[in-house]
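Everything on this sheet refers to the single structure shown next.
The values are calculated or read from the model by the stated rules, or taken from the named source; none is laboratory data. The structure presented is a predicted model; accordingly, all values stated were derived computationally and were not measured. Cβ: placed from backbone, ideal geometry, glycine included. Neighbour counts: every protein chain shown. What goes into the accessible areas is simple: the full protein's heavy atoms, side chains included, and nothing from ligands, DNA or RNA. Shrake-Rupley method; radii C 1.70, N 1.55, O 1.52, S 1.80 Å.
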Amino acid sequence: MDIHSPYSLTPEQIAQFRRDGCIKLKHVLSADALAHYGAEITRLTIALNTQSKPLEERSTYDRAFLQVMNLWEHSAVVTEFVMSRRLGRIAAQLLEVPGVRLYHDQSLYKEPGGGITPAHADQYYWPLASDRTVTAWVPLQAVPADMGPLGFYPGSQGVQFGRDLGISDESEEKISADMARHGLAFDVGPFDLGEVSFHLGWTFHKAGPNLSKRPRSVMTVIYMDAQMRLVPALNAIQANDRDQWCPGAREGEVIATRKNPVIWPR
Ligand SMILES: O=C(O)CCC(=O)C(=O)O
């Protein structure tokens with residue numbers, strides 16, 4: 001199962017990512033690899049998730065997906081996937097940095113009937129010093145339009161408004177309206193099997209509901225510059241993130257805890 005050999009990124013694709021703060025790449029992972037790692041990721045997501053309420057009794061956030069974090073700590077198979085040199089090298093090339101580490105991974109499983117993922121930027125949650133962060137969003141099956149594919153506002157990574165809004169009805173309403181004010185269009189479309197998207201921590205994005213009868217199983221890996229430093233937490237959520245994903249890291253210093261292995265180069 002080859003998940004480590006290099007993927008050819010063109011200079012145009014790297015320039016596109018610099019401009020847009022997001023990109024979708026086809027044929028990144030094979031059907032065999034997705035079936036192999038995907039089975040373990042989905043198994044663990046179901047086993048470890050703690051959501052017990054029916055969809056109609058949950059908040060907007062909790063209707064969006066079952067969310068299970070740092071699966072790599074529970075399974076050697078998932079560790080192998082998260083440490084994929086192919087994905088890590090793409091992340092470093094897109095960020096235009098020599099190396100990347102893991103911030104954390106997470107499975108985002110949109111159940112049949114699951115709701116929208118409200119508009120947001122991920123870095124609101126992270127106590128990190130620079131914008132050199134990127135999420136690989138890896139669907140474990142194809143994602144047609146009715147399953148809630150992830151969509152982006154290309155070019156929104158420089159927008160300041162909305163950076164203080166967590167995922168909520170309020171973020172959906174205010175950020176979507178602000179994107180329209182900036183003339184930034186929402187770009188959404190299906191994902192083929194093997195297609196993977198990458199978005200910066202400050203690029204605004206959202207997803208529609210899962211109107212299909214099948215779950216939308218997605219694994220994400222969040223990478224940061226290997227030289228990323230910790231900054232003081234701006235809010236309780238960032239303090240929690242720091243303690244969960246970078247335990248023992250010190251403000252002002254490079255985040256190099258046991259939970260933040262270098263993924264590329266290796
Ligand atoms: O999977 C989704 O619906 C949302 C994904 C997302 O917000 C992210 O990976 O940053």
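Given the structure, is GLY183 within 13 Å of the ligand (Cβ to nearest atom), assigned to a loop (DSSP other than H, G, I, E, B), open to solvent by 10 Å² or more (accessible area, probe 1.4 Å) and of a type in the set (Gly, Ala, Ser)? Please lay out each step first, then the result.
Numbers: within 13 Å of the ligand (Cβ to nearest atom): no; assigned to a loop (DSSP other than H, G, I, E, B): yes; open to solvent by 10 Å² or more (accessible area, probe 1.4 Å): yes; of a type in the set (Gly, Ala, Ser): yes.
Judged against the criteria, GLY183 is not a match.
Of all residues in the range 1-37, count the ones that are closer than 14 Å to LEU95 by Cα and touching a strand residue (DSSP E or B) at 6+ places or on another chain (Cβ under 7 Å).
6
Here's a check for you: in the range 197-237, which residue that is of a type in the set (S, T, N, Q) and open to solvent by less than 10 Å² (accessible area, probe 1.4 Å) is nearest to the ligand (Cβ to nearest atom)?
This residue is THR220.
Among the residues of the range 134-152, which ones are aliphatic (A, V, I, L, M) and either within 11 Å of the ligand (Cβ to nearest atom) or touching a Cys at 6+ places or on another chain (Cβ under 9 Å) (or both)?
Scanning the range 134-152 gives VAL134, ALA136, VAL138, VAL143, MET147, LEU150.
Return a yes/no flag: does the range 79-95 have any residue that is without any contact (Cβ under 8 Å) to a residue 60 or more places away in the chain and open to solvent by less than 60 Å² (accessible area, probe 1.4 Å).
The answer is yes; a qualifying residue exists.
It is to be established whether one or more residues within the range 126-133 are open to solvent by less than 10 Å² (accessible area, probe 1.4 Å), of a type in the set (Phe, Trp, Tyr), more than 10 Å from the ligand (Cβ to nearest atom) and in contact (Cβ under 8 Å) with a residue 24 or more places away in the chain.
First, the residues of the range 126-133 that are open to solvent by less than 10 Å² (accessible area, probe 1.4 Å): 127, 133.
This time we only want the ones that are of a type in the set (Phe, Trp, Tyr), so: none.
Scanning the range 126-133, I find no residue that is open to solvent by less than 10 Å² (accessible area, probe 1.4 Å), of a type in the set (Phe, Trp, Tyr), more than 10 Å from the ligand (Cβ to nearest atom) and in contact (Cβ under 8 Å) with a residue 24 or more places away in the chain, so the answer is no.
Working only within the range 154-180, note down all residues that are assigned to a helix (DSSP H, G or I) and open to solvent by less than 30 Å² (accessible area, probe 1.4 Å). Step through it out loud before you land on a result.
Just the residues of the range 154-180 that are assigned to a helix (DSSP H, G or I), to begin with: 156-158, 169-180.
Matches in the range 154-180: SER156, SER171, ILE175, SER176, ASP178, MET179.
Identify the single condition in (1) over 30 Å from PRO112 (Cβ atoms); (2) assigned to a strand (DSSP E or B); (3) among the aliphatic types (A, V, I, L, M) that MET219 does not satisfy, given that it satisfies every other one.
(1)
Mind listing just one residue for me: the one in the range 72-125 that is hydroxyl-bearing (Ser, Thr, Tyr) and over 14 Å from ILE263 (Cα atoms) and, of those, nearest to the ligand (Cβ to nearest atom)?
Here the residue is THR117.
With (1) within 10 Å of TRP264 (Cβ to Cβ); (2) under 15 Å from the mean Cα position of the chain (by Cα) as the list, and GLN93 as the residue in question, which single condition is left unmet?
(2)
So, GLU251, is that one more than 16 Å from the ligand (Cβ to nearest atom), acidic (Asp, Glu) and open to solvent by 10 Å² or more (accessible area, probe 1.4 Å) or not?
yes
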